[in-house]
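Comments concern the structure below.
Throughout, read-outs are computed from the coordinates displayed, never taken from laboratory work. None of these values were measured; they are calculated from a predicted model. Don't worry about glycine lacking a Cβ; one is built from the backbone with ideal geometry, like all the others, and counts go over all protein chains shown.
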Amino acid sequence: MPTLEEMRDALITTIKNELTEINGYPTHRDVLNVPAVVIGAPEAEFDLAMGRGLDKWTFPLFVMVGIPDLDTAQRNLDKYVNGSGPKSIRRIIWENPSLGNVVQDCRVSLMKDYGAAYETAKIPHVGATLVVEILSTGDDD
């Protein structure tokens, strides 16, 4: 069973392997550079199968871009949150559902909060939230 840290790391690594320009952070307070993906607080649903066979983890994945101007920011954000395309995070996860053999399955199930405003180091960003569902074995064996 992967730990939370292993799941976060695998998610960021999987995205960064294809999107080398994106920065990955485990928390909001760590964000220094955009474009960025930030993994939010997870939720877990345990015991989806008999005998601790399957756990479901849900992570908000905040996708942020800088705001040189709003039109450019929206075009930049769209590339990452589209359902498909060369920079689509959903596509990257769809094509790498085990996150490098760390989990059983992973998928982006929802996009929400499009246009959300963020600020770190007094620098404004705009973004959206992708909801990522991870299935992992619940057993330690």
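Computed over the Cα atoms of the chain, what is the ratio Rg over Rh, Rh following Kirkwood?
Values: Rg = 15.3 Å, Rh = 15.3 Å.
Ratio of gyration radius to Kirkwood radius: 0.99.
Where does the charge balance sit around ILE93 when Lys and Arg score +1, Asp and Glu -1, over other residues with C-beta under 12 Å from its C-beta? If you can, show how the numbers build up before the last one.
Working: positive: ARG90, ARG91, ARG107; negative: GLU18, GLU95, ASP105, GLU133.
Neighbourhood net charge equals -1.
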Completion exercise
Calculated from DSSP helices alone, with each H run of at least 4 adding -39500 (n - 2.57) and the total divided by the residues of the chain, [θ]222 nm to the nearest 500 comes to -7500 deg cm²/dmol
Practice task
On a 0 to 90° scale, report how tilted helix 4-18 is relative to the longest principal axis of the chain, with both axes built from alpha carbons and the result rounded to the nearest 10.
Solution key: 50 degrees
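In region 37-141, what % of DSSP beta bridges are antiparallel (nearest 5)?
Approximately 100 percent, going by the DSSP bridge assignments.
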Exercise for the section: Give me the lysines in straight-line cross-link reach of LYS87: C-alpha distance below 25 Å, same-chain residues under 8 apart excluded. Expected result: LYS16, LYS79, LYS112
Fill in the blank from the handout: With label points set 7 Å from each Cα along the Cα-to-Cβ direction at ASP113 and ALA41, the distance between them in nm comes to 1.1 nm
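Using a Förster radius of 30 Å, what is the FRET efficiency between LYS56 and ASP30 based on their Cβ-Cβ separation? Nearest 0.05, please. The partial results should precede the final answer.
On the way: r = 26 Å, r/R0 = 0.86.
That gives a FRET efficiency of 0.70.
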Handout entry: Dipole of the chain, positive direction: furthest Cα of VAL37, VAL103, THR137, with charges on the beta-carbon
Key = VAL37
Problem - With Cα atoms, 0 to 90° folded angle of helix 70-81 axis to the chain main axis - result: 20 degrees
